[in-house]
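Comments concern the structure below.
The values are calculated or read from the model by the stated rules, or taken from the named source; none is laboratory data. Note that the coordinates shown come from a computational prediction; the quantities given were computed from them, not determined experimentally. Cβ atoms come from the backbone with ideal geometry, glycine included; neighbour counts cover every protein chain shown. When the accessible area is computed, the model is the full protein with side chains, heavy atoms only, and any ligands, DNA or RNA have been set aside. Shrake-Rupley method; radii C 1.70, N 1.55, O 1.52, S 1.80 Å.
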Amino acid sequence: MEILIEALEKIMNWLKKHQPEYAASFLPGLTSSEIEAAEAEFGYKLPEEIYALYQWRNGTEKDVKAVCFPPPLQILPLSTAIEYSKGCTEHILEDKNVLEESKWYETSPLFVFIQSNCDFCAVPIIDFHREKIPVVVLGEGELPSILYTNLTDMMLTLAECYETNAYYLGEDGYIEEDECKTAEVLRKYNNELNEKAISGFKSILSNPLDFSTLDYESSNFRKLSNNINDFASVIGRFKDPEGVNLLLEALQTWSQAKGRYISKNIVCSCVIRALGETCDDRALQLLTNLPDNSPFFREEAQAALLRFRLMRRNM
């Protein structure tokens, strides 16, 4: 846990310098006995990293001035985190039996410890035999998705983002983000997520898609399109050149394919959105000159180009 605490202290030092009022709002850390009492109320064993986090500080009730997510240590006090986690876990267990082919962390009880508007960060609290317990993000009305490989890697990522000005103070005093710099740090500490997405997308791309037989209402197509969307979203976030190459190849191939337009449009829109998240000029060129110039593709490309240009302005 020493590495986790060192990363937390680096972030706190940055906050003390740049947002001293917020840094001062953190509550004193808890004892093991206090955490065990909260754990008993929750009814689930908490991971060691969560113990270390709350022994370091008991979160803060003050909102931070940040526009990037996740925010810099906007941690819920443990009593509040337990209440959120109980409600979240109850909802997950109610829906567990109706989720088809769900991933293990989508149906696991969750410990929620960060809130930002309607989004939350949490850790699954069942599968402790794993070497790393991932940090997941929950958007409103969405299933959990993995954000960092574990809490330590999350804090190492955040700490280096502050130190390298990937996170920086804007003119209005809010924390802003250079997403291209952030992606480099993400790959440094969470690269197994990046490699898994590249491998998964490469596997799909290696098998030509026959859009003439792909029925968008079928369960097989839903599974395929969900995988394409998941892999493409991660590639867009990590911005690895190898992953960008795959997105470019996929869009050039699939946009020119014949077959059912709805099925083709669904998978191509996933790729177009992901290309709008990259920092690669080749994405700009392709989105500006798509092989398919239909109204659907033009509209999707325009939205992705807007996202691309807004992101580049923050570099």
Worksheet item: Counting Lys +1, Arg +1, Asp -1, Glu -1, what net charge surrounds ILE3 among other residues with beta carbon under 12 Å of its beta carbon?
Response: -4
Practice prompt. Compute the long axis of helix 219-238 from its Cα atoms, compare it with the longest principal axis of the Cα atoms of the chain, and write down the angle in degrees, 0 to 90, nearest 10.
Written response: 60
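Mind giving me the FRET efficiency for GLU131 and ALA24? R0 is 25 Å, r the Cβ-Cβ distance, nearest 0.05 is fine.
On the way: r = 36 Å, r/R0 = 1.45.
It comes out at approximately 0.10.
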Item to complete: May I ask you to rank THR149, THR288 by accessible area, largest first, using a 1.4 Å probe over the protein chains only?
Response: THR288, THR149
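Over the range 262-315, what is the relative contact order in percent, taking alpha-carbon pairs closer than 8 angstrom and at least six residues apart?
Values: 39 pairs, mean separation 24.2, N = 54.
The normalised contact order for the range 262-315 reaches 45 percent.
To the nearest 20 debye, what is the magnitude of the charge dipole of the range 165-254 about its Cα centre, counting +1 on the Cβ of each Lys and Arg and -1 on the Cβ of each Asp and Glu?
Details: 9 positive and 16 negative charges, 81 e Å.
It works out to roughly 400 debye.
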Fill in: Residue-span extension gain [SER199 to GLU249] - 0.36 nm each, minus C-alpha spacing
16.5 nm
Discussion item. With a 1.4 Å probe and all protein chains left in place, how much of the accessible area of the range 17-64 comes from carbon and sulfur atoms, in whole percent?
Written reply: 48
Worksheet, complete the sentence: Checked against the positive end of the charge dipole of the chain (+1 on Cβ of Lys and Arg, -1 on Cβ of Asp and Glu, about the Cα centre), the farthest of GLN302, GLY29, ILE146 is GLN302
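In debye, nearest 20: dipole of the range 263-315 around its Cα centre with unit charges on the Cβ of K, R (+) and D, E (-)?
Charge dipole, the range 263-315, about its Cα centre: 140 debye, nearest 20.
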Worksheet item: Sorted by accessible area with a 1.4 angstrom probe, largest first, how do LYS62, LYS258, LYS239 fall?
Response: LYS258, LYS62, LYS239
Practice prompt. Run the 1.4 Å probe and let me know the accessible area of ARG312, rounded to the nearest 10 Å².
Written response: 80
Discussion item. Quick check: the angle from helix 261-275's long axis to the longest principal axis of the chain, C-alpha only, nearest 10 degrees?
Written reply: 50
Worksheet item: Under the Karplus relation 6.51 cos²θ - 1.76 cosθ + 1.60, θ = phi - 60°, what is the ordered set of whole-Hz ³J(HN,Hα) values for the range 286-300, x standing for Gly and Pro?
Response: 5, 5, 7, 10, 5, x, 9, 9, 5, x, 4, 5, 4, 5, 5
Worksheet item: Just how much of CYS270 is accessible, in Å², when a 1.4 Å probe is used and the result is rounded to the nearest 10?
Response: 10
Worksheet item: By how many nm would the segment from ASP119 to ASP281 grow when fully extended, if each residue of separation counts as 0.36 nm and the alpha-carbon distance is taken off?
Response: 55.2 nm
Discussion item. Running a GNM on the chain with Cα contacts under 10 Å, which residue among TRP104, TRP56, TRP14 ends up with the highest mean-square fluctuation?
Written reply: TRP104
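Among THR60, THR253, what's the order by accessible area (1.4 angstrom probe), most exposed first? Don't skip to the answer; put the middle values down first.
Values: THR60 10, THR253 75 Å².
Result, largest first: THR253, THR60.
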Worksheet item: So which residue, out of GLU39, GLU171, GLU277, gets the largest mean-square fluctuation from a GNM of the chain using Cα contacts under 10 Å as springs?
Response: GLU171
Response to the item:
Excluding residues fewer than 8 positions from LYS17 in its own chain, the lysines with Cα under 27 Å of it are LYS62, LYS65, LYS181, LYS188
Worksheet item: Roughly what angle does helix 32-42 make with the longest principal axis of the chain, taking Cα atoms, 0 to 90 degrees, to the nearest 10?
Response: 50
Item to complete: Mind grabbing the accessible area of GLU299 for me, 1.4 Å probe, Å², rounded to tens?
Response: 130
Practice prompt. Taking H placed 1.01 Å from N in the peptide plane, check which residues at least 5 places from TYR148 or on another chain put their amide H under 5 Å from its amide H.
Written response: VAL135
Worksheet item: Where nothing but the Cβ of Lys and Arg (+1) and of Asp and Glu (-1) is charged, how large is the charge dipole of the chain around its Cα centre, in debye to the nearest 20?
Response: 940
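Determine the relative contact order of the chain: mean sequence separation of Cα pairs under 8 Å and six or more apart, normalised by residue count, in whole percent.
About 12 percent, as a whole number.
What does the charge count near LEU205 come to, summing +1 for each Lys or Arg and -1 for each Asp or Glu among other residues with Cβ under 13 Å from its Cβ? Intermediate values should be presented prior to the final figure.
On the way: positive: LYS202; negative: GLU242, GLU249.
It works out to a net charge of -1.
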Discussion item. Can you give me the accessible area per residue for the chain, using a 1.4 Å probe, in Å²?
Written reply: 49
